[in-house]
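Below: the structure, in structure tokens.
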Amino acid sequence: MTDRERRRGGKLGVGERRTVVAGLGVLAWIVGLLWIFPVAWTVFTSFKTEEDASAQTLHHGLSFGRYSDVSHATAGTLSLQTAFMNSLVVVVVSTLFVLALAIPAAYALAIRPIHKWRDVLFFFISTKFLPIVASIFPIYVYAQKWNLLGTRSVLIILYIAINLPLAVWMMRSFFMEVPRELIEAAEIDGTNLFNQLRSVILPIVAPGIAATALLCVIFAWNEYFYALQLNFANGSTMPQWVITNVSTRGNFLAKLSAASIIACLPVVLAGWAAQKRMIRGLSMGALK
Amino acid sequence: MNATAADVALPKGKAGDPFSSAWRRRLPLLPALLYLVAITQLPFIVSIYYGFTNLKDKTQSLIPEPTKFVGLENYKQIFSDSFFRQAVWTSVKMTVLAVLLSLIIGTLFAILLDRKFLGQGVIRTLLITPFLLMPVVAALIWKQQMFSSLFGVLNKVLDSLGFNSVAFISDHPLGSIVTVLVWQWTPFMMLIILAGLQSQPTDIIEAANVDGASALGIFRQLTLPHLRRYLELGALLGSIYIVQAFDAIDVMTGGGPGSTNVPYYVYQQSIGGGFRYGAASAYAIVVVIFAIIIATFALRVLSSLFRDEERA
Amino acid sequence: MHERRIGSVRSRGTLVAVLLIATAVIAASFAGAASGRSSAKTISVAVVANGQMQDIARLTPSLFTKKSGIKVKYTILDEGKLRQVTTRDVGSGGKAFDAVMIGPYEAPQFGTAGLLKDLTPLAKGDKTYNYNDLIPAVRNALSAKGHMYAAPFYGESSFLMYRKDILAKKGVKMPLHPTWQQVAAAARKIKTSSMAGICLRGKPGWGDLGAAFTTVLNTFGGTWWSAKPNGQPDKAQVDQPAFKEALDFYANLVQDAGEKDAANSSYNECLTQYQASKVAMWYDATVAAGFLEASDSPVKGKNGFAFAPVNKTKSSGWLWTWALAIPKSSKNPSDAWKYIAWATGPKYLKAAGPRVKGGWAAIPPGTRFSTYRIPQYKKAAKAFAGITLAAMKAAPITNPGTTKRPGLPGVQYVGIPQFQDVGNRCTQLFSAVIAGSMKSSAAISQCQQIASQAIR
């Protein structure tokens, strides 16, 4: 707990009446539940039968039936297992590479900054100005030439490029937080870059790394456009798998709900687990 | 002045050239920089090239048309294209509305959550969740479950209250999309502002409290200025991502009137049905140029983000 | 300010754990990548997400792979995405697919442009395929200059489906060849607060609202573009009076007597509503009849069928088929043909009957005469088989309206490459008109602009 949390939690500040605090707590609960309602309703729907789902009734009870329906795919069509593995590999590998590239880059922009660090930062952000819907055709042409269509590698390559700007920006902010005295002490001791990183810097910015990694994972796991345009059948990722449950034969709302929950669950769980770290990372004076 | 470069061990394997301090500083940056240049600038340059041609998908002409150089023809057409202007206006509306609303609501949520109450962790966890969902899933949830005229929850509620059902997506395409965007991005803003609130030095607040300042006064005079950098960061990051919003439009309206933003319009020109890659590339280049201009201007204004203490 | 040092032991342990997991995943990814390469006996097929396609995807392992040893990888996409992916893949010589599912809009165009394999020699040379069994209207729609470029998987026209019981209750008679005015009057008469008079497509898309609307446009004497003598498009005709008349008629009918939230309704939504007895009539694809009369349909046996309503022309039903084609750049054309010959051959239809959900009435119709001679099919499809065949024969594909069309033949579309984009963007506007959020005159002037720009 931060100093602040400890103080907040224990005593009431001057001017905070107990009823006001309690009232605000209730308000927070109401707001939270309302905001999450669409998701909760989807979870509820995923346990219904299709007739109940489309009519918003509850005549046939609840079961895990839809979950098992979507988990079994016919041979030859995209299965949950394939899509899940593809997503997992793509996300983990691309995030690791992003961190591996962003950490040294942040060092060069924060600890021993280069002369033109502002321009470099601007360049990194500017790479996100080109709409990916525009760059897709040249990328498609080259991916085809180099036989990368339908592979995980092409997505890994692209996702690294998508997440790198944000990661560099964030890591630089966290690195700025490392006290100068520690750096100077390490340099006087004669440690090289790698050891500096390992023993001095990384332990301090670890929450920041976790926050950055989490954001990269979120954006990579949920990315839909590149995956759809460059990958078919076996290279497909989870977002595409969810869409395959939008059927044209009859109702599909319950199955779609079940598929959506399955697809979003990993990232949601990761986010829930890491949220404190993320806030701490962002509040580490990252933006001072 | 920092310890000089001589104290830092040279990377292995580098040949004898005197390693100036400047280059040693640049070295750690190079992998990321070179990677990004390679992956993002190559398509960009190719797009510039396409923008000067009449490149089309081969299926678009029954008699094979050779791709030829057409100079500034594509660019001339852009300026007489009223649909592009509509798309730009829609982009502006969509981005400004979504960013502002999510920032305001996110700040309110952050203020609400910045105290200890029963189940604080649970509520914060729940509030974060929309940001963690896939954009296509979020759009589908709202389209099928909430907004649907036939079976949607909102209409069922309106129905039970005695009102007519509203065809949200058909009648209010832009509003529907902004709703989904705000729903997803408010948690993100909330996290940033929460970080800002929790990094506020409490001693000043307590001093002000002791002096008898009102809660609102404290907020306006002390908290808000402190939050300024966080608000700006939220606005910047949010804008960069929201201006590229695509999935929600594709899923919910397919580009209905008033909901086609610039990325979706460019998509319609290229692989979304027009298959006019040359013309679409020209649009994209125009968009990038405008974006760079706007961003340069905006970052000068939001200079606090760049006004860091430099480490020499 | 750091309130506490990050517990170094704990964070180091986390770091190690993360690295181990990451290593495992990377190792698994290489193993996965190796097995992901397609072997010689695997083909990749892109199909549309319709019920019949999902049936055949399910039956492929048992009915095809077992006998031929060829594995089939399906990419199932909705119509819009499928078109984008296949157009781009075929048009840029991509090797992603060995067989793609296209329709009579794309097949002659792609074939003429030299992007598809000519299937005629393969089809004619295969006795079991029985080339002459294919319904000529369908076969010709997929051919250009006598070369068949795609093999039909199922075929359909459009007609009117209605609830005999509801109409009888209200004393409305529906002739076998109705006019649109008659249908509109009937719809307005039979509608109630809980049951709409008619379901008409309103969802944007040239294959959704575009298809239904264009048939109405044709029979009202309107058209999208006029034609030059050489078949190239001349001028956009959206601003002509006949176009506005057709659009106003369509939009008003839907607003007066049509389904709720029409602007979001296409085939699927109307099917659901018809089966839920929320609409009394439905103008759409003939293939819907198979679902309405399926063994598990709630409205089985209650349906009457009439030819597509007309106004100024003799017939107006559309002609569509989903067919399988082999891109010229495919890596396994001979295996692809083996698959296509099975999927579109007479044997599959006989085998599918007892195996698909919905029974015999739900097998792919409209491609072969032999289908209509199968006794079980005749029995299950008694109510609509005859009129379906007749509708397909009568589809005015070469002369759908009252004036000459540019491009290749087509009823519910114009056979030029630009139509896809124009149709998509204009139907967005028309859908807004149906929703009541745009005036038809505004939609028409914008659409005229789009249509004129496209053929510049």
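The values are calculated or read from the model by the stated rules, or taken from the named source; none is laboratory data. Please read these numbers as outputs of a predicted model, since none were measured by experiment. Here the Cβ is made from the backbone with ideal geometry for all residues, glycine too, and neighbour counts use every protein chain on show.
Does at least one position in region B:110-126 carry a residue that is of a type in the set (Ser, Thr, Tyr), free of Cβ contacts under 8 Å to residues at least 24 places away in the same chain and out of contact with any Lys or Arg (no Cβ under 7 Å at 6 or more places or on another chain)? Break it down into steps so the answer makes sense when it comes.
Step one: list which residues in region B:110-126 are of a type in the set (Ser, Thr, Tyr), which gives B:125.
Now narrow it down to the ones that are free of Cβ contacts under 8 Å to residues at least 24 places away in the same chain: B:125.
This time we only want the ones that are out of contact with any Lys or Arg (no Cβ under 7 Å at 6 or more places or on another chain), so: B:125.
Yes, region B:110-126 contains at least one residue that is of a type in the set (Ser, Thr, Tyr), free of Cβ contacts under 8 Å to residues at least 24 places away in the same chain and out of contact with any Lys or Arg (no Cβ under 7 Å at 6 or more places or on another chain).
Please work out if A:THR127 is closer than 22 Å to B:ILE292 by Cα, of a type outside the set (Gly, Ala, Ser), in the same structural domain as A:GLN240 (by TED's automatic domain parsing) and at pLDDT 85 or above.
Details: closer than 22 Å to B:ILE292 by Cα: yes; of a type outside the set (Gly, Ala, Ser): yes; in the same structural domain as A:GLN240 (by TED's automatic domain parsing): yes; at pLDDT 85 or above: yes.
For A:THR127, the condition - closer than 22 Å to B:ILE292 by Cα, of a type outside the set (Gly, Ala, Ser), in the same structural domain as A:GLN240 (by TED's automatic domain parsing) and at pLDDT 85 or above - is met.
Search region A:172-202 for residues being buried (at least 22 other Cβ atoms within 10 Å of the Cβ) and either touching a Gly at 6+ places or on another chain (Cβ under 6 Å) or more than 10 Å from chain B (Cβ to nearest Cβ) (or both), and hand back the single one that is modelled with the lowest pLDDT.
A:ILE201
Helices (runs of 4 or more DSSP H) wholly in region C:358-456 with at least 3 residues that are crowded, with 20+ Cβ neighbours inside 10 Å and hydrophobic (A, V, I, L, M, F, W, C) - which ones?
Once the helices (runs of 4 or more DSSP H) in region C:358-456 are filtered for at least 3 residues that are crowded, with 20+ Cβ neighbours inside 10 Å and hydrophobic (A, V, I, L, M, F, W, C), what remains is C:385-394, C:419-435, C:440-454.
I'd like the full set of residues that are within 14 Å of chain B (Cβ to nearest Cβ) and closer than 22 Å to C:VAL411 by Cβ, limited to region C:231-257.
C:GLY231, C:GLN232, C:PRO233, C:ALA251, C:VAL254
With respect to B:LEU194, is the statement that it is at pLDDT 80 or above, surrounded by fewer than 17 Cβ atoms within 10 Å (Cβ to Cβ) and within 29 Å of the chain's Cα centre (by Cα) true?
no
Considering only region A:95-102, I want to know if a residue exists there that is in contact with a Lys or Arg (Cβ under 8 Å, 6 or more places away or on another chain) and not hydroxyl-bearing (Ser, Thr, Tyr).
no
Tell me, which helices (runs of 4 or more DSSP H) lie completely within region A:69-162 with 3 or more residues that are within 19 Å of the chain's Cα centre (by Cα) and touching a residue at least 60 places away in the same chain (Cβ under 8 Å)?
In region A:69-162, A:80-106 are the helices (runs of 4 or more DSSP H) which contain 3 or more residues that are within 19 Å of the chain's Cα centre (by Cα) and touching a residue at least 60 places away in the same chain (Cβ under 8 Å).
Quick one: would you say B:LEU216 is in contact (Cβ under 8 Å) with a residue 12 or more places away in the chain, in a helix (DSSP H, G or I) and either closer than 30 Å to A:TRP241 by Cβ or of a type in the set (A, V, I, L, M, F, W, C) (or both)?
no
So is C:ASP89 of a type outside the set (A, V, I, L, M), free of Cβ contacts under 8 Å to residues at least 60 places away in the same chain and under 28 Å from A:ILE139 (Cβ atoms) or not?
No: the conditions fail for C:ASP89.
What residue, among those in region B:110-129 that are more than 7 Å from every other protein chain (Cβ to nearest Cβ) and assigned to a helix (DSSP H, G or I), is surrounded by the most Cβ atoms within 10 Å (Cβ to Cβ)? Write out each step before concluding.
If we filter region B:110-129 for residues that are more than 7 Å from every other protein chain (Cβ to nearest Cβ), which is where we start, we get B:110-111, B:114, B:120-122.
Narrowing the set further to residues that are assigned to a helix (DSSP H, G or I) leaves B:110-111, B:120-122.
Details: B:ALA110: 25, B:ILE111: 18, B:GLN120: 19, B:GLY121: 13, B:VAL122: 12.
If we take residues in region B:110-129 being more than 7 Å from every other protein chain (Cβ to nearest Cβ) and assigned to a helix (DSSP H, G or I), then B:ALA110 is surrounded by the most Cβ atoms within 10 Å (Cβ to Cβ).
Given the condition free of Cβ contacts under 8 Å to residues at least 60 places away in the same chain and part of a helix (DSSP H, G or I), answer yes or no: does some residue in region C:287-302 qualify?
Looking through region C:287-302, none of the residues is free of Cβ contacts under 8 Å to residues at least 60 places away in the same chain and part of a helix (DSSP H, G or I).
Given (1) more than 8 Å from chain A (Cβ to nearest Cβ); (2) surrounded by fewer than 17 Cβ atoms within 10 Å (Cβ to Cβ); (3) of a type in the set (Val, Ile, Thr), where does B:VAL210 come up short, assuming only one miss?
Of everything listed in (1) more than 8 Å from chain A (Cβ to nearest Cβ); (2) surrounded by fewer than 17 Cβ atoms within 10 Å (Cβ to Cβ); (3) of a type in the set (Val, Ile, Thr), B:VAL210 misses just condition (1).
Tell me, please, whether a residue that is within 14 Å of chain B (Cβ to nearest Cβ), under 25 Å from C:GLY207 (Cα atoms) and out of contact with any Phe, Trp or Tyr (no Cβ under 7 Å at 6 or more places or on another chain) can be found in region C:128-142.
no
Of everything in region A:39-68, what is away from chain C (no Cβ under 14 Å), part of a helix (DSSP H, G or I) and within 15 Å of A:PHE252 (Cα to Cα)? Give them in sequence order.
A:THR42, A:VAL43, A:PHE44, A:THR45, A:SER46, A:GLY65, A:ARG66, A:TYR67, A:SER68
Only one of B:LEU62, B:LEU29, B:LEU33, B:LEU55 is closer than 21 Å to C:GLN453 by Cα and within 9 Å of chain A (Cβ to nearest Cβ); which?
B:LEU55
Yes/no matrix, rows are residues, columns are (1) among the charged types (D, E, K, R); (2) buried (at least 18 other Cβ atoms within 10 Å of the Cβ):
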site	(1), (2)
C:PRO229	no, no
C:LEU253	no, yes
C:TYR274	no, yes
C:THR286	no, yes
C:LYS314	yes, no
C:THR321	no, yes
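Could you list, in sequence order, all residues of region B:168-191 that are part of a helix (DSSP H, G or I) and over 20 Å from the mean Cα position of the chain (by Cα)?
B:PHE168, B:ILE169, B:SER170, B:ASP171
Among the residues that make up region B:151-161, is at least one of them more than 27 Å from the chain's Cα centre (by Cα), crowded, with 22+ Cβ neighbours inside 10 Å and over 25 Å from A:TRP169 (Cβ atoms)? So that I can check it myself, show each step before the final result.
Step one: list which residues in region B:151-161 are more than 27 Å from the chain's Cα centre (by Cα), which gives B:151-161.
From what's left, crowded, with 22+ Cβ neighbours inside 10 Å: B:152, B:155.
In the following step, the residues that additionally are over 25 Å from A:TRP169 (Cβ atoms) were identified as B:152, B:155.
Yes.
Residues being over 16 Å from B:PHE44 (Cα atoms) and more than 9 Å from chain B (Cβ to nearest Cβ): count how many of those fall in region A:128-171.
Looking only at that region, the number is 17.
Given (1) more than 7 Å from every other protein chain (Cβ to nearest Cβ); (2) on the phi < 0 side of the Ramachandran plot, where does B:GLY71 come up short, assuming only one miss?
Checking B:GLY71 against (1) more than 7 Å from every other protein chain (Cβ to nearest Cβ); (2) on the phi < 0 side of the Ramachandran plot, the one that fails is (2).
Looking at (1) surrounded by 21 or more Cβ atoms within 10 Å (Cβ to Cβ); (2) aliphatic (A, V, I, L, M); (3) over 23 Å from the mean Cα position of the chain (by Cα), which one does C:ILE56 not meet, given that it meets all the others?
Unmet for C:ILE56, out of (1) surrounded by 21 or more Cβ atoms within 10 Å (Cβ to Cβ); (2) aliphatic (A, V, I, L, M); (3) over 23 Å from the mean Cα position of the chain (by Cα): (3).
Can you find, within region A:241-251, the residue that is farthest from A:SER79 (Cα to Cα) among those that are facing chain C (nearest Cβ under 9 Å) and at pLDDT 75 or above?
The selected residue is A:VAL246.
From the list B:SER148, B:SER165, pick out the single residue that is crowded, with 23+ Cβ neighbours inside 10 Å and in a loop (DSSP other than H, G, I, E, B).
Checking each option against the conditions leaves just B:SER148.
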